[in-house]
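The values are calculated or read from the model by the stated rules, or taken from the named source; none is laboratory data. Keep in mind the model is a prediction, meaning the values are calculated, not measured. Every residue, glycine as well, gets a Cβ built from its backbone with ideal geometry; the counts of neighbours run over all protein chains shown. These accessible areas exclude ligands, DNA and RNA; they are computed on the full protein's heavy atoms, side chains included. Shrake-Rupley method; radii C 1.70, N 1.55, O 1.52, S 1.80 Å.
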Amino acid sequence: MFWNNWALDEAEHDYAAIRDAYVQHGPGLIPDTGDIAQHSDWPGNELLEVPDLVDHDERSYTWSWHLSQEDYLALLATTSQYTVMPEAARRGLFNSLRPALGSHVSLRGRTLLNLMRRTRRRQTPQR
């Protein structure tokens, strides 16, 4: 299983202005700031709890990504925390983020590859 996450490159973006935009227009949302390695233990933590999955191995790959502001905002709009927002609230947040982001966005990314194998075949429920 592959899982991707990313964060804005702190060297390229004004984290304080980005956090202010979230405080004003996106309370409760998690901004793309901070250490990508600490954004989430998921899905690995859940996979470890599945008794039929053994020999779990997690590999991490880092990468950088540079894209236009519009492409970045379009990417954000595809993720769950933004898709469930009312459109007017999302528009307000994105409009507030535009000056803080600048015309181009630099991301630091990480792809996790979770490898495991199943110990036994699941039984199909009989009707």
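Just a few scattered comments:
- If you go through segment 68-95 and keep only what is within 12 Å of the chain's Cα centre (by Cα) and either of a type outside the set (Phe, Trp, Tyr) or open to solvent by 60 Å² or more (accessible area, probe 1.4 Å) (or both), you end up with Leu75, Leu76, Ala77, Thr78, Thr79, Ser80, Gln81.
- Enumerated helices (runs of 4 or more DSSP H) restricted to segment 1-97, each holding at least 2 residues that are in contact with a Ser or Thr (Cβ under 7 Å, 6 or more places away or on another chain): 15-25
- The single condition from (1) modelled with pLDDT of 95 or more; (2) surrounded by fewer than 10 Cβ atoms within 10 Å (Cβ to Cβ) that Arg122 fails is (1).
- Counted residues, segment 10-32 - those being closer than 15 Å to Leu73 by Cα and out of contact with any Pro (no Cβ under 6 Å at 6 or more places or on another chain): 8
- Here is the figure for segment 10-47: residues that are more than 23 Å from Ser60 (Cβ to Cβ) and at pLDDT below 90 total 0.
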